[in-house]
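So the structure is just underneath, and the comments pick up after that.
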Amino acid sequence: MTTSTARDLYYDPWDVALNADPYPMFKRFRDQAPLYYNEPHDFYAVSRFEDVNRTLVDYRTFSSARGVVLEILKSGMEIPPGVLIFEDPPIHDIHRNLLSRAFTPKKINALEPMIREFTIRCLDQVDGDTFDFVKHVGAIMPLRVVSMLFGIPEHFQQRVQEDGDRHVRTERGGQMTDNPDGAITNGEVFADFIDWRATNPSDDLTSELLEAEFEDETGVVRRLRREELLMFMNVVAVAGAETTTRLIGWTGKLLSEYPDQRRLLAADRSLLGGALEEILRYEPPALQAARYVTQDVEFHGQVVPQGSAILTLIGAANRDERRFGDTAEDFDVTRKGKQHITFGVGAHYCLGNALARMEGRVALDEILNRFPDWEVDLDNAVFSSSSAVRGWDSMPARV
């Protein structure tokens, strides 16, 4: 069986209950319908690692330029300039190169002591025997780190978070295109800060981007337009912080459900790096990514027509037995071997992956220092409502 419209094989990216635990359905897709077609919402989906990898690498056939969130792609809305994750080469590569100056190994490594210090300060605020992985650390620390890169003052960060929440969050089961404020923020929340930084330059990414000259896709040497810079800052601040927030929430949940794994990490911190990779593989913050099909293409003997929307089911690919062996569905912090696809691959490989990994590792290290044992309270946990990212708005634990 290669395609399916059968009712018993169904995936809806806006179905909150299904997305709470999509993995049994994902396994059935991999085995029974590696090319899946959803007739009510008119999209295709691939679930095996090899197919997802192929789709993400081939940006000419599978374009990001119309959006990588399904409802945005399907809407046909105009994508504003500077939304890096919604671009294809060559403009994507030009913009990516400008941002990459903030993510050099030297700059990332220099952030670790500050990340650690701030995480400790977050944990110092915990009073009593209840700790929330998201509210106490996950929702605070990643945005603070992005603000360090851009030089955004602390008093301004709450505005940035509120603007991001307003656009990324949806009503339960809703779509981003239902948002009366628009599916994509215009980045104007950064306007006052950019104006101030233009006359008060500093040693930060904002100052660098204001002064940077580059050759654009038309061959013109210029600086970033205001609207491009606003969108740049929004993409990095919101997308980067959101995914790391979800990573920290999943970390708390998984290591509560697998206490033997947590005890291994508490006893041997050299395992932390590998443990973060396993958490990222097992519960990726972005469960899927959409692409626009620019020409007829074949999967498993079936043609996906030009003009179609196709979902790459990253969460399914990360548990594909064809890639990760018979233990693909097991959570194992000592797992060795092949790379997952949580950070993407090819042109859109996550620019901030090293920073996200560091934030996750430092957060877990300091949490284990403070709370070597915990049990999450799932009855009071809050699952976030968004088709762009998947995770928790609250993950309380008894410590």
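Since every read-out is calculated from the coordinates, none of them should be taken as a lab result. Model, not experiment: these values are computed from the prediction. Cβ atoms come from the backbone with ideal geometry, glycine included; neighbour counts cover every protein chain shown.
Some observations on this one:
- Value at 222 nm in deg cm²/dmol, rounded to 500, when DSSP H runs of n ≥ 4 in the chain each add -39,500 (n - 2.57): -12500 deg cm²/dmol
- When peptides 78-86, 188-196 are ranked by their average number of other Cβ atoms within 10 Å per residue, the highest-first order is 78-86, 188-196.
- Dipole of the chain, positive end: most advanced residue of Val297, Val126, Gly337 [Cβ charges, Cα centre]: Gly337
- If you take all other residues with their beta carbon under 14 Å from the beta carbon of Leu351, and give Lys and Arg +1 and Asp and Glu -1, the sum is +2.
- Farthest positive-ward along the chain dipole, Cα basis, beta-carbon charges - from Asn369, Leu272, Gly76: Leu272
- Calculated on alpha-carbon atoms, Rg and Dmax of region 180-256 in Å: 16.5, 54
- Charge tally in the Cβ shell below 15 Å around Val46, where Lys, Arg are +1 and Asp, Glu are -1, Val46 excluded: +3
- Separation in nanometres of the label points that stand 7 Å from Cα toward Cβ, at Ala17 and Arg269: 4.5
- Relative to the current alpha-carbon distance between Tyr258 and Asp203, full extension at 0.36 nm per residue lengthens the span by 15.5 nm.
- Two-site FRET efficiency, Asp379 against Asp58, from Cβ-Cβ distance with R₀ of 56 Å, rounded to 0.05: 0.80
- Averaged over residues, the count of other Cβ atoms within 10 Å places the peptides 359-367, 12-20 in the sequence 359-367, 12-20, highest first.
- Extension gain, Ala191-Asp31: 0.36 nm per intervening residue step, less the Cα-Cα distance, totals 52.6 nm.
- Averaged over residues, the count of other Cβ atoms within 10 Å places the peptides 284-291, 219-226, 206-213 in the sequence 284-291, 206-213, 219-226, highest first.
- Evaluated over region 16-398, the count of Lys pairs having alpha-carbon atoms less than 25 Å apart is 6 (only pairs 8 or more residues apart or interchain).
- From the alpha carbon centroid of region 184-234 to that of region 91-162 is 20 Å.
- Kirkwood-type radius of the chain, with distances r between different C-alpha atoms, in Å: 21.8
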